[in-house]
1. Has the range 42-65 got any residue that is over 18 Å from the mean Cα position of the chain (by Cα), open to solvent by 90 Å² or more (accessible area, probe 1.4 Å) and at pLDDT 55 or above?
2. Filter the range 37-50 down to residues that are within 12 Å of Leu80 (Cβ to Cβ) and either touching a strand residue (DSSP E or B) at 6+ places or on another chain (Cβ under 8 Å) or aliphatic (A, V, I, L, M) (or both), then give me how many there are.
Amino acid sequence: MFIVIANEFPVGFEIVVKKILRLLFHVLAHLYHSHFRELVLLNLHTHLNCVFAHLSVFNHRYQLIELRETEILQDLVVALKILGDDEEIATEVNESVDEYKDVINKEPTMSLADQPINMFPNPSPINTQTLATQIDNI
């Protein structure tokens with residue numbers, strides 16, 4: 001089997017790539033949420049951060065995952081300084097919140113970073129610190 005450069009990508013290629021990246025993002029979010037302490041003990045957290053940074057930059061460039069889905073780890077993007085200025089990221093998140101204000105159920109005094117992570121059916125944690133604060137405490 002060989003690849004001919006002149007051939008175009010299949011019709012559903014973008015849909016498949018979007019789904020793969022979305023699922024990869026969910027896997028990374030699960031690793032941070034449920035297994036970060038173990039990753040630190042195994043000294044693998046830097047590799048996880050590297051994979052997350054590459055995925056974040058790739059998604060920022062090509063916008064393949066909807067912003068409302070990636071908001072859950074925006075505090076981590078800010079903490080790791082992946083995409084540049086905090087103000088620039090905050091502006092993008094605020095614009096996204098305005099766009100999806102009917103979908104996102106949040107209290108007016110709560111920032112997105114203060115919301116507990118409830119992506120998975122596991123029982124919600126008793127401690128509702130932000131992910132960046134939890135990382136700093138380890």
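The values are calculated or read from the model by the stated rules, or taken from the named source; none is laboratory data. Note that the structure is predicted; figures quoted are calculated from it, not measured. So basically every Cβ, Gly included, is an ideal-geometry build from the backbone, and we count neighbours across all protein chains shown. Ligands, DNA and RNA are excluded from the accessible area calculation, which covers all protein heavy atoms including side chains. Shrake-Rupley method; radii C 1.70, N 1.55, O 1.52, S 1.80 Å.
1. For the range 42-65, residues over 18 Å from the mean Cα position of the chain (by Cα), open to solvent by 90 Å² or more (accessible area, probe 1.4 Å) and at pLDDT 55 or above: present.
2. Result for the range 37-50: 1.
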